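The values are calculated or read from the model by the stated rules, or taken from the named source; none is laboratory data. Given the structure is predicted, the values throughout are model-derived calculations rather than measurements. Here the Cβ is made from the backbone with ideal geometry for all residues, glycine too, and neighbour counts use every protein chain on show.
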Amino acid sequence: MMTENTPTPTARPRLRRSDVPAYLASTHGIDVAVSTLAKWATVGGGPAMQYSGRIPLYSITELDVWATERLSKTVRSTSEQRS
């Protein structure tokens, strides 16, 4: 049962991989699958993570940094994006 004191997933300082897609979608509008995060954990390119034993944990701060770096600057036309 959820109470006022029960933390929501985004209230935690670190998220499990399965919670990351919902956070990125709701906070930054970036859709990413859990399987993509797992692949990036192997080959690189994804957000920074830490481990607690075998469990990868993603810092909210690091997710925000990664999302900000992934997004382009604001543009007013498609031609501006190429610059």
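Of everything in the range 1-26, what is at pLDDT 95 or above, outside any strand (DSSP E or B) and of a type outside the set (A, V, I, L, M, F, W, C)? Give them in sequence order.
Residues satisfying the conditions are R17, S18, D19, P21, Y23, S26.
Could you check how many residues of the range 70-83 are polar (S, T, N, Q) and either within 10 Å of the chain's Cα centre (by Cα) or in a helix (DSSP H, G or I) (or both)? Break it down into steps so the answer makes sense when it comes.
Taking the range 70-83 as the starting set, the residues that turn out to be polar (S, T, N, Q) are 72, 74, 77-79, 81, 83.
Now drop any that are not either within 10 Å of the chain's Cα centre (by Cα) or in a helix (DSSP H, G or I) (or both), which leaves 78-79, 81.
Adding up the residues that qualify gives 3.
Which pairs turn up if I take residues in the range 21-41 that are under 16 Å from S59 (Cα atoms) and look for partners that are loosely packed, with under 12 Cβ neighbours inside 10 Å and hydrophobic (A, V, I, L, M, F, W, C) with beta carbon separation below 7 Å, at least 6 apart in sequence or on another chain?
Close Cβ pairs (under 7 Å, with a partner that is loosely packed, with under 12 Cβ neighbours inside 10 Å and hydrophobic (A, V, I, L, M, F, W, C)) amount to P21/A33.
Taking the range 28-53 only, how many residues are part of a loop (DSSP other than H, G, I, E, B) and either closer than 12 Å to R17 by Cα or of a type in the set (V, I, T) (or both)?
7
Could you please give the count of residues in the range 31-58 that are out of contact with any helix residue (DSSP H, G or I) (no Cβ under 9 Å at 6 or more places or on another chain), among the polar types (S, T, N, Q) and surrounded by 11 or more Cβ atoms within 10 Å (Cβ to Cβ)?
Summing the residues that are out of contact with any helix residue (DSSP H, G or I) (no Cβ under 9 Å at 6 or more places or on another chain), among the polar types (S, T, N, Q) and surrounded by 11 or more Cβ atoms within 10 Å (Cβ to Cβ) in the range 31-58 gives 0.
Conditions first: (1) of a type outside the set (S, T, N, Q); (2) more than 14 Å from the chain's Cα centre (by Cα); (3) assigned to a helix (DSSP H, G or I); (4) modelled with pLDDT of 95 or more. A67 passes all but one, so which condition is the exception?
For A67, the exception is condition (2).
Can you pull out the residues in the range 64-80 that are surrounded by fewer than 10 Cβ atoms within 10 Å (Cβ to Cβ) and over 24 Å from R12 (Cα atoms)?
Correct list: S72, K73, T74, R76, S77, T78, S79.
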